[in-house]
Structure formats: C-alpha cells, structure tokens
Amino acid sequence: MAELSDGLLIVTLLSYLAAMLLHAGEYAFGSRGRIANAVAAPAPARELVGAGAPVVTEAPHAYAAPAVTTPDGPAEARSKAAWLGPAAVLATGVGVVAHAITVVTRGIAAERLPFGNMYEFVLAITLLGTVVWLGTLFFQRQVRHLGLFVMVFEVLLVGVAGMILYTPVGPLVPALDSYWFGIHIGAVITSSSLFMIAGAASIMYLVRTGYDNGKRGFLYAFGGRLANAEAVERLSFRLHAFAFPIWTFGVTAGAIWAEVAWGRYWGWDPKEVWAFISWVVYAGYLHARATPSIKRSTAAWIAVIGFLTMMMNLFGVNIFFTGLHSYGGV
Amino acid sequence: MSVTEAAVENPPTGEPPRRRTPRIVAAGWAAARNGWRQLTSMRTALMLLFLLAVAAIPGSVLPQRSVKVEDVQGFYAANPDLAPVLDRLWGFDVYASPWFAAIYLLLFTSLIGCIAPRLRDHVKALRSAPPDAPKHLDRLPQSAVLDTVTDEAAARAALRGWRTVRREHADGTVTLAAEKGYLKEAGNLLFHSSLLVILVGVGLGSLWGWHAGRLIVTGPEQVFCNTVQQYDDFGLGPRVGAGDLPDFCLELLDFRAEYRPDGMPISFAADVAATDSAHGDLGRHTFSVNHPLRLSGANVYLLGHGYAPVLRYTDAAGVTQETVAPFPYTDATLTSEGVAAFPDANGSDKTKQMAFSGTYMPTRDGPPYLRSDHPEERNPALMLTAYRGDLGLDAGIPSSVYDLDQRQLDAGRLTKYGEPKLMRRGETWTLADGSKLEFVGTRQWITVSIRHDPGEPIVLTGAVLLLVGLPLSLYGKRRRVWLRLRPDGSAAAGGLPRTEYPGFEDEFRSLVERWQR
Ligand code: HEM
C-alpha cells in the first residue's frame, strides 16, 4: 500500500505538470480568437455574460449599457490548437485520480486519517484544491484559463511535498489522538484548498488588470492573453467567501482542542499567531471587496497576501520557526 | 492672521475674548466629529485590521514570555546587547504590549462606532415597510412587462416568505413591494457584535484567571495541595489573590504509559485521588493528555511524566535518610538527569553534606551508560557520582533542586567523592568513608498544568455567535421586487438586488413566470 501510494505520487505530479504545460500551450497557440474578442469588447463591459452564465451586476449603474463579451469566439472553436485546453483538463483529471489514490492508500497503510504530518497535510490540501478546481470548471467553463495558475500551484506544492517533506508511513502521536484532530485538520485543509484556488484567481486578475493599466514587466506582459478577468475576480470572491467561515471554524475548533489538551484556548504560539494573521488579512479582504471606493485590484492584492500568510503558516512556521526556537533555547 | 491683526481684532482689554471660546468649542466639536467619522470608516477599519496583522508578526519571530520563558532567557544569553532594547519595546510580551493593545482597542472602538448606527438603521428597516415601486420599473437591473397576469391573491402567494406591502393608488393601480434577506444584515451585526463578546471574555479571563505548574510524584506523602507555596511556577490574574484559589489536594496513585516497541508513545493516563475541605473525599479520577481532570474552579492538564529514583543513604555514623528525587528527562527515551541531596548527613556538619548527581536510564543493558534505549523500565540503570561538601542550600539564593549548586562547585566547597558508579535496582554502594547508598527503586512523576479561566464560556459563546452570524452575513442576499398591477389589466415587475447576487436573475424570472400564469 505504501509503495503504491509513493508510486502514484509521481503519476500525480507528472499529470499536473502535463496539465500545466498544456494550459501554457493554449495561451501560446490556441487563443488568438478568444483574446481578440476580449480585447475588442474592453473594460466598459462591467456586466458580463458568460457562456450560459447569469448576468451579474457589477455596479448599480451597470445595467444602463449592457455590453456582451463572448469568451469563445467562433474563430477560436475551429483553431488548430483548440484541443489544448480540453487536453489540459483531461490531464488534470488523470492527475486528480492518481492523487486521490495516493492519499487513500496512504491512509490505509497508516491505518488512520492521512493528515498526520506535513507531507500528508500538503497532499490533502492539493488534492482538495484540484477537486475544487474541477468542480468550479464544471459550473463555469469560461474560467478555464485559470487552470494554468492553479496547476502552477499544484505542481509546486505536490513537488515540494514529494521531494522535501516526504515522510514514511507512521503512527499518530498521542497528543494528536483526539476527535478534535479530525475536525480541526479537516476544516483547515478544506479552507486552505479553497483559499489556494481563490488565490490563484486573484493573481490572474491582478496580472490582467496590471496589463490593462499599461504594465508590461515580467508576468504582466502575458496579461494581454488573459480573458474573463472580471468573471475570475468574482469567482475569487465567492471562493474566499466560502472558505472564510470554514477557516474561522477550523481555527475555533483548534482553540477548543487546545483548551482540552493544554488548558488554554489561545496561547500565541507561532502557529496560532499566523492563523490569527491569516484570519485578519482575509477579514480585510472581505472588507475591501465590500467597500465600493476600494479598487478590486487592491482587494485582490490583500487576497494574495492572505494566501502568502497561509503558506507562511504551513511551511515557514514548521521549518523556519522551529529552527529559531532551538536557537533561542541554546 | 498676523500678530498685529490679531491684536486689533482682540484688543488686550484684560477681559477674556468672549467670542473665541465657543468658536474653539465648535471647532473642537467639528474635529471630534470628523475624527470619529474617520475612525468608523471602512477604510480605517481596513487599515487597523492590516496594522493588527502586522503587529502580530514580531510575536512569532521573537520568543515570548507567555509561551516559553526559557526561550526568552536563551535569547538574552545569545544577544546580550539587543535583548534589553527589545524588552523595553515589549518585544517578549508582544500580545500584552501597550502598542498591540492600542491597535485592537482602536479597532474595537471603530467597530462599535460602526455597528451602533447600523444596528439602529437595521431596526428601523425591520419596522418600516419596503418602499413603493419606482416609477420606471424598466430601469431596474431586472424588469419585465407581463402580458397575462394572475389575480392579486395568487401574485401574493408567489411572494410567500417575502416581506410584502400592498399599496393602492388613487388611479386604481395596485403595487406589491416585497423585500427579502434581512438576515444578511442581522447576521453581519451579530458577527461583528460577537467579536465584542469575545473581547470581553478574553479580558475577563486575563483579569480573573490564573494558572500554575507542578510536578507530582506518586505516594501519599507527596500529596499536592493547591496553594501558591506548593506551585513550581504560577501566574495569577490581577484580580486573583492567593486566598481565592480553590483548596483541593491531589495524590498521584498511579501513572500508566504505553509505548510501542520502537519507543513511540501510545497513551498516557494518571490516576489521582482528590480531596477538598468542603466535601472531603472527591473520589478517584483518571485523566490523560486529551482528557483533563475538571474540578470545580480549576482544570488539571497532564503535560509530561518521568521517573524519580528512591535512594536511601546511611552515613558513617549509621544514620539513615531516604529521598525521592524526581529526575527531569532529557530525551524521548526518558534518559533523565537529576540530583539526590542529603543535607542532614554526617550530623550537622555543613562541610560534610552529601549529594548524588547522575543519569537514570529506564532501559540500558550495557555500556556506555549515557542514554536510555526505551522509555519503559525494562532494565533500569542509574549512573551516579557522589559529591561531598557544602550544598549551599541555606545561602538564601534560590537554586534548582535538579542541579548541584554551580557556585559551590566552582568555589571548591563541594567536591567529587570517589568514582562514578553504575547501580541496578536494589543494589547498595559502599563509599570510601563506609557510608552506604541503596538504590531502592523508582516512582513515577507527572507534571501538570492547573488552570482556571472564567472567560472561557463567554469566549465560546462569542465564537458560536460568530460562526452563526458569519455565513448569514456572507451568503445572505438582500433584494427587492415590485409588481405593479394597473386597472387596465396590464402589469409590470422590477427587481433590485441590494447585494452582489449572481442568481438574482433566475429568481426574478421564476417569480415573473409564476405571476404570469
Ligand atoms: C474587529 C475587527 C473586524 C473584523 C474581524 C471584521 C470582519 C468582517 C468580515 C469577515 C466581514 C465579511 C462578512 C460580510 O461580508 O458580511 C465583514 C463585513 C463588514 N464589516 Fe467588518 N470586521 C471588523 C470591523 C469592522 C468595522 C470597524 C467596521 C466599520 C467600519 C466594519 C464594517 C463592516 C461592514 C459594513 C461589512 C459588510 C460588508 C458587506 O456589505 O458585505 N467591520 N467584517
């Protein structure tokens, strides 16, 4: 079981890598028509009709001049490279199956929930991330472009998990042996994966708006190829709004567990500090998003910072601060 | 305004310039109002949230007294120049610092200033009817002209669950105005108010709460009673006096640890007998790592465990003393290091006190006798070195009971006596002066944290309210619809989502369909 799990991890990583490259190929060769369309009907289209998606009002005055953008121009549908996008999604699908079996067989081998260490934790977050992504795609075809950003995250995180964090199967230490463990970790993994997809969406939105504002440096140069930025931004908000209460619940469950195990619900140890920071930053994002006078791109930056604080808690606190602690103890 | 002009305007008559006072007051009032408006704006809330997040960072980078005092001492030792500066800036007590408090108190002031008027407005909105239909329904985000219309009663039936108001106009036109989604604002207010509840709970807890730590060895003569004198370390809230502590006592009857063959722990459980002065016997209790012992007024949490060698020393004059010396562990296999002191050995001669310092290994079959192979006592070994001299116990300087006094060693007042010796359970070691040390056996010890936080139920209530309010607020959708029925049988409908709501069109369309039937 353990070998099967380890072997399938490689299949997972390669599939995600393929998906990432196929998405990139779609940007490079496949979307001339799509991009042309997106640029031809530029910014004033604050009200966007996606393929079959409902009308969404962006601002109170938006209904005055409804402009329509079609993401899939007829020219593009016949383009020679049109297969690239669907192929990328297919590769993602293959990856997610391998990924799911990796996680499940790991759990069977360890005879417990596979959330016992950082390796398993990252694998669970990325698995759920891909599931969330495919689910999103199912309901909103027109955001397929976002796949490149999602897959970059997946490849990076699964790669780091496999190459750096890998730990052989082992038991759970008694301190973790509590049903609060399942509840707390489950909520944290779920919200982290949602934040991950939402963060990818915010980054894509920032690249596009940066491009529209004349930036051409590094990533921005490629912003011209990104369509549907508004839909992606809305998706980002909805994912954040979905994730935030789950994250809040996860932190609360952690506090209750800490009370049961250590006698205090909050002790400001580095994990708790960074959970608090992420929570406050995401509360800031929701505020910024709800304030009309604050630009959407500002809100998106806050979301990206929020995701960075989540990553800081996942990697930084586990690796960097334990080092600091032992240093402090010398 | 130059000085001369001012002098002209307000000639120095000796009388106070009467006009100026109210102007200053007015200006002050305006500034205060302006400041308040600034403070309670969303932008300020956002800034303060961001500031709070940034201000929390140093507390994860620097060691904190509230988390681990030893780390702070270690930092001081490693950075003797930097540490005092950081300390003056509250760098080791970030979350109790005035600057951290300033940020969250401002934020909570802003929060109160923000929710109070919204609460008032929401109550008003709940009590007043949805407004009448605008003249041009077709200018709303959603609108429809209805060709066939149901009767009014059926139209109203379609609006079940909506807050609906019927208005009849002079020309015979009837409008239905309906609104839904009041829970969104209610949830938002509940959510923000619950943050205040949590703050109050945290505040109460820190004022009236207390915590303490203690090591307890098995055995009736090692009973621990909950008083300040018996704590190894403690922290009492500003409103807690030593006399407020509940007066229970605990005797550790037994401690059971289970380990896997590779030394990984499986489970821990401590059996204690509890008593208090009001009830006498409180019975026998078992508690473990994720299952604390909950007594009235205090919870007891199991933190760690280890072994205490029992040693019997008979000095050259034949006087026998026995001591139980808890040895703190230094690694996961419970290699433990400590000291057994016999200050009363050899009469009252302070230069001939005895102490034995060394390492206890619960499982060790052969040399080198440096570390244990397993945390369970399978083949215990005790490696001891004898010391003789002045232990320095009554120098008035507090010293650790787990170490020899380094000052006495350095000064040569306390010296090694003979060679180190390996002892197995039951063995007796005869020293050069004819005195004897017997390794009688070991006892178990546990460390516990004893805590009381009266704010906990309040914080928990706040957290539950928060978790109820948050989804209501985030997923609630406020929207209004209108239906205008004209006497000539024509009708028009309009809809206005008052919050972002992508599904509103579908909802509106299905309402219109039902109205048209
Ligand atoms: C203690 C710090 C605060 C935290 C943690 C916090 C958190 C949040 C969160 C998570 C939301 C999103 C829920 C929703 O959209 O309804 C929210 C919404 C909101 N907050 Fe706060 N908040 C805080 C302080 C404030 C303050 C000081 C104000 C007043 C300026 C404020 C005004 C609002 C408003 C008006 C909304 C609703 C936005 C909307 O229309 O959706 N909040 N808050």
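The values are calculated or read from the model by the stated rules, or taken from the named source; none is laboratory data. Here the structure is a predicted model, which means the values were calculated and not measured. So basically every Cβ, Gly included, is an ideal-geometry build from the backbone, and we count neighbours across all protein chains shown.
Consider region B:279-294. How many of its residues are more than 14 Å from chain A (Cβ to nearest Cβ), in a strand (DSSP E or B) and either of a type outside the set (Ser, Thr, Tyr) or buried (at least 16 other Cβ atoms within 10 Å of the Cβ) (or both)?
6
Search region A:193-231 for residues being modelled with pLDDT under 90 and closer than 15 Å to A:GLN142 by Cα, and hand back the single one that is farthest from the other protein chains (Cβ to nearest Cβ).
Checking each candidate, the answer is A:ARG225.
Residues in region B:421-442: is at least one within 16 Å of the ligand (Cβ to nearest atom), part of a loop (DSSP other than H, G, I, E, B) and buried (at least 16 other Cβ atoms within 10 Å of the Cβ)?
No, that holds for no residue.
I need a count of the residues in region A:270-295 that are surrounded by fewer than 20 Cβ atoms within 10 Å (Cβ to Cβ) and more than 12 Å from the ligand (Cβ to nearest atom).
Adding up the residues that qualify gives 3.
Does region B:181-191 include one or more residues that are touching a Lys or Arg at 6+ places or on another chain (Cβ under 7 Å), away from chain A (no Cβ under 14 Å) and on the phi > 0 side of the Ramachandran plot?
yes
Could you tell me which residue of region B:126-138 is farthest from B:GLY495 (Cα to Cα), considering only residues that are in a helix (DSSP H, G or I) and under 53 Å from the mean Cα position of the chain (by Cα)?
Applying the filter and picking the extreme gives B:ARG127.
Looking only at residues that are more than 14 Å from the ligand (Cβ to nearest atom) and among the small types (Gly, Ala, Ser) in region B:41-88, which one is surrounded by the most Cβ atoms within 10 Å (Cβ to Cβ)?
Across region B:41-88, the extreme among qualifying residues is B:GLY59.
Quick one: count up the residues across region B:371-392 that are over 20 Å from B:ARG312 (Cβ atoms) and under 39 Å from the mean Cα position of the chain (by Cα).
Final tally of qualifying residues: 6.
With charged (D, E, K, R) and out of contact with any Asp or Glu (no Cβ under 9 Å at 6 or more places or on another chain) as the only criterion, which of B:ARG65, B:ARG37, B:ARG118 stands out?
Step by step, each of B:ARG65, B:ARG37, B:ARG118 is checked, and only B:ARG37 is charged (D, E, K, R) and out of contact with any Asp or Glu (no Cβ under 9 Å at 6 or more places or on another chain).
I'm trying to understand the selection: among the residues of region B:83-113, which are outside any loop (DSSP other than H, G, I, E, B) and closer than 11 Å to B:LEU62 by Cβ?
Once the filter is applied, which keeps residues that are outside any loop (DSSP other than H, G, I, E, B) and closer than 11 Å to B:LEU62 by Cβ, region B:83-113 yields B:ALA83, B:LEU86, B:ASP87, B:VAL94.
Which one of B:ASP132, B:ASP151, B:ASP121 is within 16 Å of the ligand (Cβ to nearest atom) and charged (D, E, K, R)?
After ruling out the rest, the residue left standing is B:ASP121.
When you go through (1) more than 9 Å from chain A (Cβ to nearest Cβ); (2) within 30 Å of A:PHE139 (Cα to Cα); (3) within 16 Å of the ligand (Cβ to nearest atom) one by one for B:GLY462, which number turns out not to apply?
(2)
Restricting to region B:35-78, give me the number of residues that are in a helix (DSSP H, G or I), more than 7 Å from chain A (Cβ to nearest Cβ) and in contact (Cβ under 8 Å) with a residue 12 or more places away in the chain.
8
Quick one: A:ARG234 ticks every box in (1) surrounded by fewer than 22 Cβ atoms within 10 Å (Cβ to Cβ); (2) within 16 Å of the ligand (Cβ to nearest atom); (3) assigned to a helix (DSSP H, G or I) except a single one, so which number is it?
For A:ARG234, the exception is condition (1).
So which of B:ASP121, B:ASP93, B:ASP81, B:ASP138 ends up being closer than 30 Å to A:PHE315 by Cβ, out of contact with any Pro (no Cβ under 7 Å at 6 or more places or on another chain), more than 9 Å from every other protein chain (Cβ to nearest Cβ) and of a type in the set (Asp, Glu)?
B:ASP93
Could you please let me know if B:GLY358 is in contact with a Ser or Thr (Cβ under 7 Å, 6 or more places away or on another chain), buried (at least 20 other Cβ atoms within 10 Å of the Cβ) and free of Cβ contacts under 8 Å to residues at least 40 places away in the same chain?
Taking the combined requirement at face value, the residue does not satisfy it.
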